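Working notes, beginning with the structure itself.
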Ligand SMILES: Nc1ncnc2c1ncn2[C@@H]1O[C@H](COP(=O)(O)OP(=O)(O)OP(=O)(O)O)[C@@H](O)[C@H]1O
Ligand SMILES: [Mg+2]
């Protein structure tokens with residue numbers, strides 16, 4: 001598995017050097033490949049005290065020069081992001097998130113309102129922290145429901161710290177698209193979302209978020225029951 005440390009190269013010198021560096025970060029064993037992206041690979045590994053971790057490793061052919069900016073933002077986004085244990089230019093050693101893609105849970109649970117609320121609340125947390133994730137249009141890959149039922153958002157590669165991010169805007173349109181909800185039905189939510197995006201005061205954003213959550217119930221209602229001609233829609 002350690003050959004992935006220098007992916008896509010398999011230079012022994014590179015692997016040896018990176019293994020040594022990983023040891024200084026407390027990682028003693030590399031176990032599995034969790035994912036392979038354009039700029040990095042993610043490996044399951046183990047710390048010397050036995051803690052399972054995920055290690056994001058900069059690919060040697062990556063256009064990015066290091067992972068430290070991503071790491072700082074991931075730290076800011078915790079506990080929605082995985083907990084970061086340590087970082088270097090080439091590695092982010094973080095909590096191993098075990099769970100299911102949120103999309104699978106949402107679909108299998110019929111978009112039950114508590115799940116819709118949890119997803120939007122995770123986005124709201126990022127908004128409060130000033131973290132703009134910037135890849136939530138691909139939320140399928142990045143939003144996970146962990147074993148405790150908490151919504152976790154992965155991959156802060158494109159994220160930035162900005163004044164008034166609107167992660168909930170992205171998540172809401174993702175949910176609406178997934179659910180196949182008609183824009184006409186969304187009017188009640190789109191207005192507070194528009195205000196939320198523009199609002200400068202955090203108090204106002206907090207109030208608007210409550211309204212957004214209330215009206216988001218439309219995402220959980222069975223589509224046929226909206227038309228008023230449903231016989232047994234429970
Ligand atoms: N902390 C984690 N715990 C468990 N699995 C993880 C963790 N971080 C990432 N993964 C897994 O590895 C995959 C790739 O992670 P990530 O999206 O951060 O890599 P990437 O190199 O930025 O990929 P891409 O270029 O496709 O965006 C994720 O989709 C997920 O399956
Ligand atoms: Mg990425």
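The values are calculated or read from the model by the stated rules, or taken from the named source; none is laboratory data. All of these numbers come straight from a predicted model, not from anything done at the bench. Neighbour counts are summed over all protein chains in view; Cβ atoms, including those assigned to glycine, are modelled from backbone coordinates with ideal geometry.
What to note about this one:
- Qualifying residue in the range 41-58 (condition: in a helix (DSSP H, G or I), free of Cβ contacts under 8 Å to residues at least 40 places away in the same chain and away from ligand 2 (no atom under 16 Å from the Cβ)): no
- Meets criteria (free of Cβ contacts under 8 Å to residues at least 40 places away in the same chain and within 18 Å of residue 101 (Cβ to Cβ)) for residue 191: no
- Residue match in the range 176-192 (condition: within 16 Å of ligand 1 (Cβ to nearest atom), outside the structural domain of residue 57 (by TED's automatic domain parsing) and in contact with a helix residue (DSSP H, G or I) (Cβ under 8 Å, 6 or more places away or on another chain)): no
- A residue that is in a strand (DSSP E or B), within 16 Å of ligand 2 (Cβ to nearest atom) and assigned by TED's automatic domain parsing to the domain that holds residue 8 occurs nowhere in the range 61-78.
- Residue 200 passes every criterion in (1) more than 13 Å from ligand 1 (Cβ to nearest atom); (2) assigned to a loop (DSSP other than H, G, I, E, B); (3) closer than 30 Å to residue 95 by Cβ; (4) without any contact (Cβ under 8 Å) to a residue 40 or more places away in the chain apart from (3).
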